[in-house]
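Step one of this worksheet: look at the structure below.
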């Protein structure tokens, strides 16, 4: 009986510990930002009235929910006061708002229409939650909502606003503070006080929106940060640079991911272009069909009426921010009219587009561990230049790498080799800002228009469901205990069977 009792006790402890491991989604995209969690019973069909455990009204914000045990942490802006920044804790069992705390920024900051003052996702541990607002700085609260410390930080200069999120490493909070003012840096502060643990200048880097991750290999940890034109690895205990790889785009957003003993990082070209070969002829055809009123196969200044654009993202609706370069018509005429005769010809259009596409290139690269200094000549495993997402991070799971682009085009690669397994639309068009996540053998992807698609992990595209929430979605979902925590423009949902 003693032996049987001990066996049962050990089994119970193992089950309990397993459950404890599943109820932490402690930062942007969960553990280490990788977007994957073990799960076997997540719902496939769900919606505003289907498989809803609870639904709570929340203020606007683009940050993603993070979870520690019975609490969901979230940040938001105050619609009535653009300088007031909110941190909230929500009961994971019933959706009640347990507490909310506010800080007041000195400035509203400048934000792209697709960005928000509360875009950075918090990070949490067993005692505290760490929150970053680009227009304020870092704040630490305990789980009861009491402020432990705050650290005001200068707002990095950026034409789009900040979006990077803090991560935790041992006893430090680490933050990438890249901006266009020549003061880019990595900052690590002590979790218990907010005082500086170490700081590393990043003088080569302009504004970026990527969150770093920890690349663990061969008993070594590396802090990997993707920034303008360059991927860099640092010692997370000191900030000392270990290696780098150049030839990335100027504007980077996605979080690097690891799998198959490789590190994957990528960024779209300037303007969001995901393929190195750009169909400029198609953009000319679209433009000439709509705006050439006198049918002379040229565009005159008086034909450049409302809606005319230097098309950057033809896969998006015309009224979507980012469809075209946001400059006035006179400036566009100057850009395209090379001979200054008052007309834009097809040849001038093609030359302008080709010049723009040559400025930067989309790229996703896989690196082997163990590099020192320049990793590209010695440690590049493979590389591709098509289907690269602009904002969503890549997702590694079950030996595959998934890339979701605007218009809902999904690329699946064999992670070890970069071999393309499929590249198809998932049937949910529109822009994608939220990153894909995986729960068990299923992938969850949310579009800005509010459609959440669930697919089966496989070498072929198998769409299981498309769930329309009829509200915009910018935040990446979280998964804990077979429940999906989804933030829409106005609500936080807990979804489960």
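Residues to consider are 345, 305; find the one that is outside the structural domain of residue 32 (by TED's automatic domain parsing), farther than 27 Å from residue 229 by Cβ, surrounded by 14 or more Cβ atoms within 10 Å (Cβ to Cβ) and out of contact with any helix residue (DSSP H, G or I) (no Cβ under 6 Å at 6 or more places or on another chain).
Within the list 345, 305, the selection yields 345.
Filtering segment 196-221 to residues that are free of Cβ contacts under 8 Å to residues at least 40 places away in the same chain and under 21 Å from residue 377 (Cα atoms) leaves only 204.
For segment 218-238, indicate whether the set of residues that are over 24 Å from the mean Cα position of the chain (by Cα), part of a strand (DSSP E or B) and over 20 Å from residue 184 (Cα atoms) is non-empty. Explain how you work it out, then say what you get.
The first filter runs over segment 218-238 and keeps only residues over 24 Å from the mean Cα position of the chain (by Cα), leaving 218-220, 237-238.
Next, only the ones that are part of a strand (DSSP E or B) stay: 220.
Next, from what is left, pick out any that are over 20 Å from residue 184 (Cα atoms): 220.
Among the residues of segment 218-238, at least one is over 24 Å from the mean Cα position of the chain (by Cα), part of a strand (DSSP E or B) and over 20 Å from residue 184 (Cα atoms), which makes the answer yes.
For the condition assigned to a loop (DSSP other than H, G, I, E, B), touching a residue at least 40 places away in the same chain (Cβ under 8 Å) and surrounded by fewer than 17 Cβ atoms within 10 Å (Cβ to Cβ), what is the one hit in 434, 416?
416
Just one of (1) under 17 Å from the mean Cα position of the chain (by Cα); (2) outside any strand (DSSP E or B) fails for residue 357. It is (1).
The values are calculated or read from the model by the stated rules, or taken from the named source; none is laboratory data. On a predicted model such as this, the values are computed, not experimentally measured, just so you know. Heads up, the Cβs are rebuilt from the backbone with ideal geometry, glycines too, and the neighbour counts pull from every protein chain shown.
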